[in-house]
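The values are calculated or read from the model by the stated rules, or taken from the named source; none is laboratory data. This is a predicted model, so every value here is computed, not measured. Here the Cβ positions follow ideal geometry from the backbone for every residue, glycine too, while neighbour counts run over all protein chains shown. Accessible surface is based on the protein model in full, side chains and every heavy atom, while ligands, DNA and RNA are left aside. Shrake-Rupley method; radii C 1.70, N 1.55, O 1.52, S 1.80 Å.
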Amino acid sequence: MIRLLMAGALLVSLAGCVSAPVLNDGPPKRSKPVPNANQQPTAEARSRYGNPAFYEVFGQRYYVMDSAAGYRERGIASWYGKKFHGRKTSSGEPYNMHAFSAAHKTLPLPTWVRVTNLKNGRSLNVRVNDRGPFVDNRIIDLSYAAAEALDLIESGTGMVEVEVIDVHNSESPATRARDDTSPLFIQAGAFSQQGNAQRRLNALRESGIDNAFVSQAGSDRDPIWRVHIGPVADVSLFDALVKRLTSLGINDARLVSTSE
């Protein structure tokens, strides 16, 4: 949980949610009843706080999206709990670990998203009102209640899909059943030329990553060759592979299914 400050250049005061779980953080002593997982998203004005053009944390600059429309990403979720309960979020609202809320690095505040646990298919609507998590390979930081509903408390992290909800569209992900628990992979590159994809594949295999392969997407007229690794069974394997890819100079790896 962070508070964004404007002082000449845009700076960030680290008032809370820098990573999660963190030391001395955790669930409440007594768990309150989980609220309705199908809470209805509503249209809201952009928050006065937490939406600068950009901000910096730990020397890295993050650019806040002008619009959340069409955002959809798969990656790793973490969660934060009692250590931050009652503290101000980046939007200025107090953090309530019993509400379905979340922190995201670049989505406008507030934004409603549908979060799906890709391991068990559970999904729910979550309101993004905070900034974070500022930990490698994490795309969203869920409140305690949201993580509990998705069965992520014990593991601490999990592979999820985050998709923005169009509050003006009844066919938004808020009303669609999500039961896709198909295998997941790491995409280590996408190329318009098959030869470039093959070179990337060869480099991965030469480095000892034997479960890499190339798949073709797009049309016959405009094909795309994607280099995938996997399947990836859990977060620890994902983290290890991304670290390995980073050491090879591949910094744009992401979690995908073979259908993407």
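Relative contact order of the range 187-260: 36 percent, from C-alpha pairs under 8 Å at least 6 residues apart in sequence. Sequence-ordered 3J(HN,Hα) estimates for the range 105-118 from the Karplus curve with 6.51, -1.76 and 1.60 and θ = phi - 60° stand at 6, 10, 5, x, 9, x, 9, 8, 10, 9, 10, 10, 6, 6 Hz, glycine and proline given as x.
Cβ neighbours within 10 Å, averaged per peptide: list 143-152, 226-235, 64-73 in order, most packed at the top. List each step's numbers first, then the result.
Details: 143-152: 24.5, 226-235: 19.5, 64-73: 13.5.
Result, highest mean first: 143-152, 226-235, 64-73.
Summing +1 for each Lys or Arg and -1 for each Asp or Glu among the other residues whose beta-carbon sits under 12 angstrom from that of residue 206 gives +2. Computed over the range 221-260, the alpha-carbon pair-distance distribution with 10 angstrom bins reads 25, 52, 18, 4, each value a whole percent. Each peptide in 160-168, 108-116 was scored by the mean count of other Cβ atoms within 10 Å over its residues; highest first, the order is 108-116, 160-168.
Out of every Cα-Cα pair that the range 128-170 contains, those further apart than 14 angstrom amount to 57 percent. Using alpha carbons only, what's the Rg to Rh ratio of the range 100-242 with Rh from Kirkwood? We get a ratio of 1.02 for the range 100-242. Residues whose amide H falls under 5 Å from that of residue 189, counting only those 5 or more places apart or on a different chain, are 227, with hydrogens built in the peptide plane. Here's how it looks for residue 71: its modeled amide H is under 5 Å from those of 164, which are all 5 or more places away or on a different chain. 3J(HN,Hα) along the range 213-224: 7, 10, 10, 9, 10, x, 9, 4, 7, 9, x, 10 Hz, from the Karplus curve 6.51 cos²θ - 1.76 cosθ + 1.60 with θ = phi - 60°, whole Hz, x for Gly and Pro.
For the range 57-119, the alpha-carbon radius of gyration amounts to 1.22 times the rule-of-thumb value 2.2 N^0.38 Å expected for a compact globular protein. For residue 112, the residues 5 or more places off, or on other chains, whose built amide H falls under 5 Å of its own are 128, 165.
Only protein atoms count toward the accessible area here, which uses a 1.4 Å probe; on the range 52-139, the carbon and sulfur part of that area reaches 47 percent. In order along the range 139-145, the Karplus-derived 3J(HN,Hα) couplings, from 6.51 cos²θ - 1.76 cosθ + 1.60 at θ = phi - 60°, round to 9, 8, 10, 8, 5, 4, 4 Hz, and Gly and Pro are given as x.
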